[in-house]
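Below: one structure, written as structure tokens.
The values are calculated or read from the model by the stated rules, or taken from the named source; none is laboratory data. Note that this is a predicted model, so its numbers are computed, not measured. So basically every Cβ, Gly included, is an ideal-geometry build from the backbone, and we count neighbours across all protein chains shown.
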Amino acid sequence: MIGGTKAIRTLIIAASVIAALTLPAYTQGLANRKSGGSSTPPPAEKHPPVDEKAYKAALDRIPVPDKKYDPWCVARPSQSEKAGKKSS
């Protein structure tokens, strides 16, 4: 009988922990219903039309890099450094 009481106590504690963890998520859904919120998304914002000439002019002002960008330069040596070490 003592083993059965211990099992029931463990079951009640587990159920109360689960209920305590799910309660905040449940109450967030209730706040939307009380305020009269609907399930439809809000209307989309109207953005100004894109000016193609200004966009292309801005792209032309971006300088062309002298050297190709290597995102792995810190993680591994570049090809020129490898070639220099082999010839030594």
Assuming PRO24 fulfils every condition listed in (1) outside any loop (DSSP other than H, G, I, E, B); (2) exposed (fewer than 10 other Cβ atoms within 10 Å of the Cβ); (3) at pLDDT below 70 apart from one, which condition is it? (3)
Which one of these is outside any helix (DSSP H, G or I), at negative phi, surrounded by 10 or more Cβ atoms within 10 Å (Cβ to Cβ) and at pLDDT 75 or above: ASP70, ASP66? ASP70
